[in-house]
Amino acid sequence: MTLDARENAFRPDLADARLRGHVEAERFVEGDLRRIVVPSTPMRRAPRSDALIDSEALMGELVRVFEQTAEGWAWVQLETDAYVGYVSSDALGPVDPVPTHRVTALRTFVYSAADLKFPPVAALSMGSLLALGQEAETRGTQYRWLADFSGAVVARHVTAVDEAFDSDFVRVAERFLETPYLWGGRSSLGLDCSGLVQLSLAATGVPVPRDTALQESAIGSQVESGLDGELRRGDLLFWNGHVGILRDPATLLHASGFQMAVVSEPLSDVLARYNRAGIAVTSVRRPLP
């Protein structure tokens, strides 16, 4: 069996100790857990600021660190989806305090005080994880202080970390309409097609892999009749390197590199565009029964 390097940390010189016996490497390490302590950070293909961005880690997510370099890079695996890449060491902090809440708003501010009139100190995207403590109220608005009292967030923009905050992942995806397309993005500032699917399903408590090829082999069940079958809202259409979500049987919602944004457009238009390029739908999958 050939292991996928996107979800398994191994190089000729260094590998995750859990892969011992499955890969060859000069050295195996257990890795240390760290937490992302910035709003978001790119996960790069190589330890260079000009390297391609393959994914993104969000505030509060755990990573397993296998190596840190003198140049300020860390080779990590994201615990959320097992994705492997290089992040800035400056983005890493201690594991504690453990997050208690998850951001449910498309984007929310961390204020310097429990008052919307105070300047924000950070902007966080949906899915970010926070350790929250004391409650506060200012002029009728409820807030929650960060556990270390370094800032406060609007209480209605978060929910308990282990709770799904929506039952309809398509409705969640619709909230991202007009968000700019960003290769490797996983936030409301910019995201790609598989990032949109991953974030939207996560809101309903369904974890899925990061990339389209990984999602296509893992999500739900295949609709055997494909495009010729009875398509439903929420069905996922896969092409080689792309995925979209059906809002209804005739409308596709997707993060489009063609329009450079999350858009909703007639499925017939999308199919025609791909057909002109000689690219066919590879499968239709149904995430939920």
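What number goes with the only condition from (1) among the polar types (S, T, N, Q); (2) out of contact with any Leu (no Cβ under 8 Å at 6 or more places or on another chain); (3) closer than 28 Å to Val103 by Cα that Ser221 does not pass?
Among (1) among the polar types (S, T, N, Q); (2) out of contact with any Leu (no Cβ under 8 Å at 6 or more places or on another chain); (3) closer than 28 Å to Val103 by Cα, Ser221 violates only (3).
Is it true that Gln222 is of a type in the set (S, T, N, Q) and surrounded by fewer than 17 Cβ atoms within 10 Å (Cβ to Cβ)? Break it down stepwise before answering.
Numbers: of a type in the set (S, T, N, Q): yes; surrounded by fewer than 17 Cβ atoms within 10 Å (Cβ to Cβ): yes.
Criteria met by Gln222.
What number of residues within the stretch 117-159 are at positive phi and either surrounded by fewer than 18 Cβ atoms within 10 Å (Cβ to Cβ) or hydroxyl-bearing (Ser, Thr, Tyr) (or both)?
3
If I filter the stretch 201-219 down to residues being part of a loop (DSSP other than H, G, I, E, B), crowded, with 19+ Cβ neighbours inside 10 Å and of a type outside the set (Val, Ile, Thr), which single residue comes out as nearest to the chain's Cα centre (by Cα)?
Within the stretch 201-219, the subset part of a loop (DSSP other than H, G, I, E, B) is 203-211, 217-219.
From what's left, crowded, with 19+ Cβ neighbours inside 10 Å: 203, 208-211, 219.
Cutting the leftovers down to of a type outside the set (Val, Ile, Thr) gives us 203, 209-211.
Values: Ala203: 11, Pro209: 9, Arg210: 7, Asp211: 10 Å.
The extreme case among them is Arg210.
Mind telling me which of the residues Ala74, Ala113, Ala164, Ala136 ends up being in contact with a strand residue (DSSP E or B) (Cβ under 7 Å, 6 or more places away or on another chain), without any contact (Cβ under 8 Å) to a residue 60 or more places away in the chain and either within 30 Å of Leu237 (Cα to Cα) or part of a loop (DSSP other than H, G, I, E, B) (or both)? I'd like the intermediate steps shown before the answer.
Working: Ala74 fails: either within 30 Å of Leu237 (Cα to Cα) or part of a loop (DSSP other than H, G, I, E, B) (or both); Ala164 fails: in contact with a strand residue (DSSP E or B) (Cβ under 7 Å, 6 or more places away or on another chain); Ala136 fails: either within 30 Å of Leu237 (Cα to Cα) or part of a loop (DSSP other than H, G, I, E, B) (or both).
Only one candidate passes the filter, namely Ala113.
Here's the yes/no breakdown for (1) in contact with a Ser or Thr (Cβ under 8 Å, 6 or more places away or on another chain); (2) part of a loop (DSSP other than H, G, I, E, B); (3) not hydroxyl-bearing (Ser, Thr, Tyr):
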residue	(1), (2), (3)
Leu3	no, yes, yes
Asn8	no, yes, yes
Arg35	no, no, yes
Thr41	yes, no, no
Pro47	yes, yes, yes
Asp54	no, no, yes
Pro99	no, yes, yes
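What is the one condition in (1) in contact (Cβ under 8 Å) with a residue 60 or more places away in the chain; (2) closer than 19 Å to Arg286 by Cβ; (3) surrounded by fewer than 19 Cβ atoms within 10 Å (Cβ to Cβ) that Gln259 does not satisfy?
Only one criterion in (1) in contact (Cβ under 8 Å) with a residue 60 or more places away in the chain; (2) closer than 19 Å to Arg286 by Cβ; (3) surrounded by fewer than 19 Cβ atoms within 10 Å (Cβ to Cβ) is unmet by Gln259, namely (2).
Modelled with pLDDT of 95 or more, aliphatic (A, V, I, L, M), more than 23 Å from the chain's Cα centre (by Cα) and surrounded by 15 or more Cβ atoms within 10 Å (Cβ to Cβ), is that true of Ala114? If you could, list the steps in order and put the result at the bottom.
Values: modelled with pLDDT of 95 or more: yes; aliphatic (A, V, I, L, M): yes; more than 23 Å from the chain's Cα centre (by Cα): yes; surrounded by 15 or more Cβ atoms within 10 Å (Cβ to Cβ): yes.
Taking the combined requirement at face value, the residue satisfies it.
If you check Gly226, Gly241, Gly205, which single one turns out to be at pLDDT below 95, outside the structural domain of Gly60 (by TED's automatic domain parsing) and out of contact with any Leu (no Cβ under 6 Å at 6 or more places or on another chain)? Spell out how you get there, then give the answer.
Working: Gly241 fails: at pLDDT below 95; Gly205 fails: at pLDDT below 95.
Result of the check over Gly226, Gly241, Gly205: Gly226.
Can you name the residue in the stretch 171-194 that is among the aliphatic types (A, V, I, L, M) and in contact with an Asp or Glu (Cβ under 9 Å, 6 or more places away or on another chain) and, of all such residues, is surrounded by the most Cβ atoms within 10 Å (Cβ to Cβ)? Lay out the reasoning, then the answer.
Our first condition is that a residue be among the aliphatic types (A, V, I, L, M); within the stretch 171-194, this holds for 172-173, 177, 182, 189, 191.
Restricting the remaining residues to those that are in contact with an Asp or Glu (Cβ under 9 Å, 6 or more places away or on another chain) gives 172, 182, 191.
On the way: Val172: 22, Leu182: 19, Leu191: 25.
Looking at residues that are among the aliphatic types (A, V, I, L, M) and in contact with an Asp or Glu (Cβ under 9 Å, 6 or more places away or on another chain), I get Leu191.
Scanning the stretch 1-53 for residues that are free of Cβ contacts under 8 Å to residues at least 60 places away in the same chain and polar (S, T, N, Q), which turns out surrounded by the most Cβ atoms within 10 Å (Cβ to Cβ)?
Checking each candidate, the answer is Thr41.
Inspect the stretch 172-184 for any residue being within 10 Å of the chain's Cα centre (by Cα), in the same structural domain as Gly257 (by TED's automatic domain parsing), in a helix (DSSP H, G or I) and among the hydrophobic types (A, V, I, L, M, F, W, C) and give the result as yes or no.
no
When the residues of the stretch 81-104 are narrowed to those that are over 25 Å from Trp145 (Cβ atoms) and polar (S, T, N, Q), which ends up farthest from the chain's Cα centre (by Cα)? Working first, answer last.
Quick first cut of the stretch 81-104, residues over 25 Å from Trp145 (Cβ atoms) only: 81-89.
Narrowing further to those that are polar (S, T, N, Q): 88-89.
Numbers: Ser88: 18, Ser89: 20 Å.
The extreme case among them is Ser89.
All but one of (1) touching a Leu at 6+ places or on another chain (Cβ under 7 Å); (2) surrounded by 17 or more Cβ atoms within 10 Å (Cβ to Cβ); (3) more than 18 Å from Ala213 (Cβ to Cβ); (4) of a type outside the set (Phe, Trp, Tyr) hold for Ala250; which doesn't?
Among (1) touching a Leu at 6+ places or on another chain (Cβ under 7 Å); (2) surrounded by 17 or more Cβ atoms within 10 Å (Cβ to Cβ); (3) more than 18 Å from Ala213 (Cβ to Cβ); (4) of a type outside the set (Phe, Trp, Tyr), Ala250 violates only (2).
Report yes if Ala123 is assigned to a strand (DSSP E or B) and either more than 30 Å from Pro47 (Cα to Cα) or at pLDDT 95 or above (or both), otherwise no. Can you show your working first?
Details: assigned to a strand (DSSP E or B): yes; either more than 30 Å from Pro47 (Cα to Cα) or at pLDDT 95 or above (or both): yes.
For Ala123, the condition - assigned to a strand (DSSP E or B) and either more than 30 Å from Pro47 (Cα to Cα) or at pLDDT 95 or above (or both) - is met.
The values are calculated or read from the model by the stated rules, or taken from the named source; none is laboratory data. Owing to the predicted nature of the structure, the values given are computational and were not obtained by experimental measurement. With ideal geometry, Cβ positions are generated from the backbone for all residues, glycine too; neighbour counts draw on all protein chains shown.
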